[in-house]
Amino acid sequence: MEVVPQRDSGHEPIPEHVAIIMDGNGRWASKRSLQRLRGHEQGAEAVREAVRGCGDLGIRYLTLFAFSSENWSRPVEEINHLMGLFRYFFNKEINALSEAGVKVNFIGNINRLPEDIQSLVEEIKLRTQHNSKLILTIALSYGSQSEIAGAMRQIAEKVEAGELAARDICEEVIARHLETADLPDPDLLIRTSGEKRLSNFLLWQCAYTEFVFLDTLWPDFRKDDLIAAVREYGSRNRRFGAV
Ligand code: IPE
Ligand code: IPE
Ligand code: MG
């Protein structure tokens, strides 16, 4: 029988916050001589699996990288198809997420998205705002450098207005001005598809995150992959710079 890591079991600790770079949809499709778009479609099932899996394992926070600010430079047909999928997925899943006790939030430049998706985003946030079983954050049109630049601008404005002294700017002040202000830093970051880079995801927040890189392509990601990554996390010795 599969041994599933348990929270508070005294060993194999469960991460409180898992972040996932969902990569490899295009390669999944190419391997099958299908259009890249088919890979994105299959990726939706993996998202459901990740959300359910985190709920089952008792993970409190899940953050998913769905579309980066750099992904806007993809061919317009691929972007349009992805927007169509977001539209379909959000419409279809809003009830299930809300009933499963999932609170959904978004980070990223939401105002670059088509207006109807912006409205959907608002509706999902509103509908799920009182939930607390799992805090799901979807990074959509998100780029970490742009997020940090935005935080710096806000801080500079407060200094200009005399609300904040330059000498008081510290790590906590910066963290409070990021879009992730309400989230703990990720304990575990998973990237699928074998790529080993952050691609402008949560650069500040991942200062002490454990990274697990899986060769699995995102459309093939299942609960067992999550369990494997969590088990790998449990075997790590986190020192945070101490001995
Ligand atoms: C991840 O899969 C999904 C998005 C970035 C939107 P990719 O589309 O990057 O797939 P690969 O990396 O080309 O295989
Ligand atoms: C990162 O994947 C963004 C998402 C998974 C949403 P990419 O496929 O865009 O990253 P690169 O181009 O390989 O770095
Ligand atoms: Mg990719």
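The values are calculated or read from the model by the stated rules, or taken from the named source; none is laboratory data. Keep in mind that this is a model prediction, so the values were computed, not measured. Counting neighbours? That spans all protein chains shown, and the Cβs are built from the backbone with ideal geometry, glycine included. For the accessible areas, the whole protein counts, side chains as well, though only heavy atoms, and no ligand, DNA or RNA atoms are used. Shrake-Rupley method; radii C 1.70, N 1.55, O 1.52, S 1.80 Å.
Give all pairs with beta carbons closer than 8 Å in which a residue from region 67-80 that is within 11 Å of ligand 1 (Cβ to nearest atom) meets a residue that is of a type in the set (D, E, K, R); count only pairs at least 6 apart in sequence or on separate chains.
From residues that are within 11 Å of ligand 1 (Cβ to nearest atom), the pairs are Trp72/Arg112; Glu78/Arg36.
I need every pair where a residue in region 23-36 that is closer than 13 Å to Gly194 by Cβ and more than 6 Å from ligand 1 (Cβ to nearest atom) has its Cβ under 7 Å from the Cβ of a residue that is in a helix (DSSP H, G or I) and among the small types (Gly, Ala, Ser), sequence separation at least 6 or different chains.
Trp28/Gly39
Pairs please, first residue from region 92-120 and without any contact (Cβ under 8 Å) to a residue 12 or more places away in the chain, second anywhere and open to solvent by less than 60 Å² (accessible area, probe 1.4 Å) and aliphatic (A, V, I, L, M), Cβ atoms under 6 Å, 6+ apart in sequence or on different chains.
Gln118/Ile110
What number of residues within region 156-179 satisfy the criterion of being open to solvent by less than 20 Å² (accessible area, probe 1.4 Å) and among the small types (Gly, Ala, Ser)?
0
Given the residues Arg153, Arg197, which is the only one that is surrounded by fewer than 14 Cβ atoms within 10 Å (Cβ to Cβ) and not in a loop (DSSP other than H, G, I, E, B)?
Answer to the selection: Arg153.
Residue check: is Ile117 within 15 Å of ligand 1 (Cβ to nearest atom), under 22 Å from Ile190 (Cα atoms) and among the hydrophobic types (A, V, I, L, M, F, W, C)? Talk me through it step by step, then tell me what you get.
Details: within 15 Å of ligand 1 (Cβ to nearest atom): yes; under 22 Å from Ile190 (Cα atoms): no; among the hydrophobic types (A, V, I, L, M, F, W, C): yes.
Judged against the criteria, Ile117 is not a match.
For Gln42, indicate whether it is in a helix (DSSP H, G or I) and either within 16 Å of ligand 1 (Cβ to nearest atom) or of a type in the set (A, V, I, L, M, F, W, C) (or both).
Judged against the criteria, Gln42 is a match.
Given the structure, is Glu210 modelled with pLDDT of 95 or more, open to solvent by 60 Å² or more (accessible area, probe 1.4 Å), more than 16 Å from ligand 1 (Cβ to nearest atom) and closer than 23 Å to Phe65 by Cβ?
Numbers: modelled with pLDDT of 95 or more: yes; open to solvent by 60 Å² or more (accessible area, probe 1.4 Å): no; more than 16 Å from ligand 1 (Cβ to nearest atom): yes; closer than 23 Å to Phe65 by Cβ: yes.
No.
Note down all Cβ pairs under 8 Å where the first residue falls in region 154-179 and is polar (S, T, N, Q), the second is surrounded by 14 or more Cβ atoms within 10 Å (Cβ to Cβ), and they're at least six residues apart or on different chains.
Between residues of region 154-179 that are polar (S, T, N, Q) and residues that are surrounded by 14 or more Cβ atoms within 10 Å (Cβ to Cβ), the close pairs are Gln154/His177.
From the residues in region 18-32 that are of a type in the set (Gly, Ala, Ser) and surrounded by fewer than 24 Cβ atoms within 10 Å (Cβ to Cβ), which one is farthest from Pro219 (Cα to Cα)?
The initial filter retains those residues of region 18-32 that are of a type in the set (Gly, Ala, Ser), namely 19, 24, 26, 29-30.
This time we only want the ones that are surrounded by fewer than 24 Cβ atoms within 10 Å (Cβ to Cβ), so: 26, 29-30.
Numbers: Gly26: 10, Ala29: 9, Ser30: 12 Å.
Out of the qualifying residues, it is Ser30.
Scan region 82-123 residue by residue and report those that are in a loop (DSSP other than H, G, I, E, B) and open to solvent by 20 Å² or more (accessible area, probe 1.4 Å).
Ala100, Asn109, Pro114
How many residues does region 124-146 hold that are in a loop (DSSP other than H, G, I, E, B) and open to solvent by 20 Å² or more (accessible area, probe 1.4 Å)?
The number of residues fulfilling the criteria is 5.
How many of the residues making up region 200-228 are in a helix (DSSP H, G or I) and within 16 Å of ligand 2 (Cβ to nearest atom)?
Result for region 200-228: 4.
Of the numbered conditions (1) open to solvent by 20 Å² or more (accessible area, probe 1.4 Å); (2) at pLDDT below 95, Pro5 satisfies every one except a single condition; which is it?
Condition not satisfied by Pro5: (1).
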